[in-house]
1. Express in nm, to one decimal, how much length is gained between Glu159 and Arg125 on full extension, taking 0.36 nm for each residue of separation and deducting their alpha carbon distance.
2. Using the Karplus curve 6.51 cos²θ - 1.76 cosθ + 1.60 with θ = phi - 60°, what ³J(HN,Hα) values do you get for each residue of segment 79-84, in whole Hz, with x for Gly and Pro?
3. Using 18 Å as the Cα-Cα cut-off, could you pick out the over-long pairs in Lys36/Lys90; Lys44/Lys68; Lys36/Lys88?
4. Rounded to the nearest 10 Å², what accessible area does Ser129 show when all protein chains are kept and the probe is 1.4 Å?
5. Below 10 angstrom from the Cβ of Ala109, what's the summed charge of the other residues (Lys, Arg +1; Asp, Glu -1)?
6. Using the Karplus curve 6.51 cos²θ - 1.76 cosθ + 1.60 with θ = phi - 60°, what ³J(HN,Hα) values do you get for each residue of segment 123-128, in whole Hz, with x for Gly and Pro?
7. What aspartates and glutamates could a cross-link reach from Lys81, if we take a straight Cα to Cα line under 15 Å and drop same-chain neighbours fewer than 8 places away?
Amino acid sequence: MNKKADLVFIPTPGVRHLGAGQAPRPPPPMHLHHDKTHFLNTHKNSIRAVVGNAAADVEAELIEALPKLEIAVSFSVGLDKVDLGKCKEKGIRVTNTPDVLTDDVADLAIGLTLAVLRRLCESDRYLRSGKWKRGDYKLTTKRAEIHRIGLNAMRVTSECNSGN
């Protein structure tokens with residue numbers, strides 16, 4: 001029995017999707033088809049949702065090719081590659097996951113900044129190589145400025161000022 005697709009996963013270039021979260025079977029996920037046009041023509045009347053990340057294009061051409069499309073889902077923060085105007089025109093809902101990882105990104109940015117400013121990786125190699133026996137290792141103190149103020153940069157600034 002050949003069931004029609006309700007959902008299409010748009011692949012991330014260079015990433016192979018495996019296991020849970022793949023498009024329903026049958027039919028195979030779009031990224032397993034060599035001919036995207038053939039896949040869309042075959043299943044266009046049953047596809048109600050497209051799912052991808054910030055690298056997945058949900059452009060006007062794709063939206064026009066899917067007359068039953070109801071929702072475009074991005075499981076990342078960005079919507080740069082989603083034609084929001086065309087979605088609005090067609091009444092297609094658009095979702096993404098803003099602010100889900102902002103705290104974690106800020107924490108990692110602070111940690112990596114400190115690692116660079118204090119030369120932690122370099123000093124770890126110095127210690128492990130046994131060079132510490134021959135003399136001191138000079139640590140540094142630096143001041144950092146944040147120039148680009150986006151959501152993550154604002155969170156980094158907030159974390160730095162709060163002392164968390």
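The values are calculated or read from the model by the stated rules, or taken from the named source; none is laboratory data. Since the structure is predicted, the reported quantities are computational estimates derived from the model, not experimental observations. Neighbour counts are summed over all protein chains in view; Cβ atoms, including those assigned to glycine, are modelled from backbone coordinates with ideal geometry. Surface areas here come from the heavy atoms of the whole protein model, side chains and all, with no ligands, DNA or RNA. Shrake-Rupley method; radii C 1.70, N 1.55, O 1.52, S 1.80 Å.
1. Residue separation times 0.36 nm, minus the Cα-Cα distance, leaves 9.4 nm.
2. 10, 4, 9, 9, 6, 4
3. With Cα atoms farther than 18 Å apart: Lys36/Lys90; Lys36/Lys88.
4. Counting only protein heavy atoms, the figure is 70 Å².
5. Neighbourhood net charge equals -2.
6. Coupling constants for segment 123-128: 6, 5, 5, 4, 5, 5 Hz.
7. Within reach: Asp57, Glu59, Glu61.
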